Structure formats: C-alpha cells, structure tokens
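Peer 1: After the structure tokens below, expect a handful of questions from me.
FYI, it's all coordinate maths here, none of it is from the lab. The structure presented is a predicted model; accordingly, all values stated were derived computationally and were not measured. Ideal geometry is used to build each Cβ from the backbone, glycine not excepted, and the neighbour counts take in all protein chains shown.
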Amino acid sequence: MTDWSLLWLIFMDENIIVRLEKDKVVTATFRKLDSAKKTNIYRSSLKLFGENIFESVLLENIARKAEISKGSLIQYFGYKENLLLFLTEMVASDYQTYFDNYFINETVIRTKDRIEQFFIAHKKFKKNNRAEFDFILMMLFENSNKLSNQFVKTIFEVQKRYLENIVKRGIETNQIRRDIRSLYLASVLHSILIGLLRELFLDGPVSPKDDFDQNLSQYLNIIFDGIK
C-alpha cells in the first residue's frame, strides 16, 4: 500500500459511508470492504474524475485503475452517478475538516492578514491533497450536472461561512467599518478567491503561480482602502 493510502485511512469518514448506504448511494457490500480496498477505489475514482469531465469518465477505466472488475464496481455503486456522489460527499467532508483544523490552529490577528492567509492556505491544501484539489476544480469549473451543482454549492457555503466569520470579527474589533454588511463583503471576497484559484491553477501561463500572493495583496489593498 502506498503512503497516501495510509494517510487517507486516517481521515476516511466511515459515518458518511453508512449514511450513503442508507441513501442507497453505496451498497452494504462496499461498506463491508476492508479499508485498504475502499481507499484504493476512492483514490482511483477521484483521480479520473479530477482529470476528466463526467461524460468522459468510464467505469471500466476506474475499475482497471483500482484493479477490480467493472462488475464489482457496479455491485458497489450501481451507477456512475452514485460513484460521483460518493466522491463529492467525501471530498466536501475532507475540505471542511481541513479548514476547520486550519482555523482552530490559526494565530493571525489582523483581519486583512487572516483573509490573506485563508486564501494562501488553499495552496497548501493543494500540496497536501492534490487529488481532492483537482477534483474540486474540475467540479467548480468544468463539470455541469446536478451533482456538480450541489457540490459547488456545498464548497461555496463553507468558504463563504469562513470568510463571513473573519469579517464579523473584523467589524467587532473595529478593523472594518461597522456599516459594512458582513454577508456582502464575504461574497465579494469569495468572488476574488474563486477568480484567483482559476487564474492560478487553470489558466496556465496567463497568470504565473508566483503572481498569486502579489495579486491577492493588491486586491485586498483595494478593498481595505474602502472598508476601514
């Protein structure tokens, strides 16, 4: 077993799998697999869905990569849509857990710095969770179906909630004007975050990766000049 599999075993939430079994997204046969097999299927599926749009992902390719039969994969999930739903639930949980832990251990005080570091933390998330990050980008910008729409909504809600909490704290500590609506400012900041992520990781040479921090700083300077 590879190192990343060992790491993922620590974080795979079996409670989600139990819930998805009740919702008939996964079968009891999948739930009863040992952790290593479930991890292998998860990682193999995640990689292919993170590199291709939904219509281009084939169950036989996932099965081949996971070193199982296509029949077994169908036995575990039934349909490709169920497999994607399983992935969206696991990745959304992983993303939220990652940033819950990030904020628990956060030590930055200034509001502007907190926002900036939250943005920059996505580069570290990418480094530590490459397959999950690629999957998120694919679902955000490339895929278009009901499952991706719900997943995007979930990720956006997590991001906006974190940003609004930072903004509210900034207002409480008089670092941001009290007449500023926290929800509106969080939405503006969120739009900047999504734009920067797209420029950094999807637009290639149009926006070199070294420009991320510099562009972010300029955007935040413009915003904070008007809200202090």
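Peer 1: Tell me the label only: which of (1) 45; (2) 39; (3) 36 is percent of Cα pairs over 27 Å apart as calculated from this structure?
Peer 2: (2)
Peer 1: Can you give the log10 of the normalised intensity I(q)/I(0) at q = 0.12, 0.13, 0.21, 0.22 Å⁻¹, computed with Debye over equal Cα scatterers of the range 106-227?
Peer 2: Each listed q maps to, in turn, -0.47, -0.55, -1.29, -1.37.
Peer 1: Return the inverse of the average 1/r over all pairs of distinct C-alpha atoms in the range 24-144, which is the Kirkwood hydrodynamic radius, in Å to one decimal.
Peer 2: After inverting the mean inverse Cα-Cα distance, the result is 15.7 Å.
Peer 1: Grab the beta carbon distance between Lys160 and Asn52, set R0 = 22 Å, and tell me the FRET efficiency rounded to 0.05. Walk me through the numbers before you get to the answer.
Peer 2: Details: r = 28 Å, r/R0 = 1.28.
Plugging the Cβ-Cβ distance into 1/(1 + (r/R0)^6) gives 0.20.
Peer 1: Taking every eigenvalue of the Cα gyration tensor of the range 3-84, multiplying by 5 and rooting it, what semi-axes result, largest first, whole Å? Don't skip to the end; give the middle numbers.
Peer 2: Details: eigenvalues 66, 51, 28 Å².
So the three semi-axes of the range 3-84 are 18, 16, 12 Å.
Peer 1: Here's a follow-up. If you place +1 on the Cβ of every Lys and Arg and -1 on the Cβ of every Asp and Glu, how big does the dipole about the Cα centre of the range 106-227 come out, in debye to the nearest 20?
Peer 2: 400 debye
Peer 1: If you take the beta carbon distance between Phe103 and Ala36 as r and set R0 to 25 Å, what does 1/(1 + (r/R0)^6) give as a FRET efficiency, to the nearest 0.05?
Peer 2: Result of the calculation: an efficiency of 0.20.
Peer 1: How far apart, in nanometres, would the label points at Thr173 and Arg19 be if each is projected 7 angstrom from Cα along the Cα-to-Cβ direction?
Peer 2: 3.2 nm
Peer 1: Tell me, how many Å apart are the Cα centres for the range 12-73 and for the range 145-188?
Peer 2: The range 12-73 and the range 145-188 have Cα centres spaced 32 Å from each other.
Peer 1: Among residues other than Asp134 whose Cβ falls under 11 Å from its Cβ, what is the net charge (Lys/Arg +1, Asp/Glu -1)?
Peer 2: 0
Peer 1: Provide, as a two-decimal number, the C-alpha radius of gyration of the range 52-119 over 2.2 N^0.38 Å, N being how many residues it has. Write out the running numbers ahead of the final one.
Peer 2: Working: Rg = 18.6 Å, N = 68, 2.2 N^0.38 = 10.9 Å.
The range 52-119 yields a ratio of 1.70.
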